[in-house]
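Step one of this worksheet: look at the structure below.
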Ligand SMILES: [Zn+2]
């Protein structure tokens, strides 16, 4: 039992060009963008301007 790591970071349905580490979210309402951390879905982040749940840029 020594092998716990493989290539785990695969591409999961990549529809966003240039998705780097972290990534960006965009507000569908006002167009504001925000950075988010790895493993943090955009829809858990609210727009700092209008409070709308953000979506992936
Ligand atoms: Zn907004």
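The values are calculated or read from the model by the stated rules, or taken from the named source; none is laboratory data. On a predicted model such as this, the values are computed, not experimentally measured, just so you know. Cβ sites come from the backbone with ideal geometry, for glycine too, and all protein chains shown count toward neighbours.
Which pairs do you get when a residue that is free of Cβ contacts under 8 Å to residues at least 40 places away in the same chain and more than 12 Å from residue 29 (Cα to Cα), found in segment 40-57, comes within reach of a residue that is assigned to a loop (DSSP other than H, G, I, E, B) and near the ligand (Cβ under 8 Å from one of its atoms), reach meaning Cβ atoms under 6 angstrom, with the pair 6+ apart or on two chains? Every condition considered, the pairs that remain are 42/54; 45/54. Confirm whether residue 21 is modelled with pLDDT of 90 or more and either part of a loop (DSSP other than H, G, I, E, B) or near the ligand (Cβ under 9 Å from one of its atoms) (or both). No. Restricting attention to segment 25-57, the residues that are more than 14 Å from the ligand (Cβ to nearest atom) and not in a loop (DSSP other than H, G, I, E, B) add up to 3.
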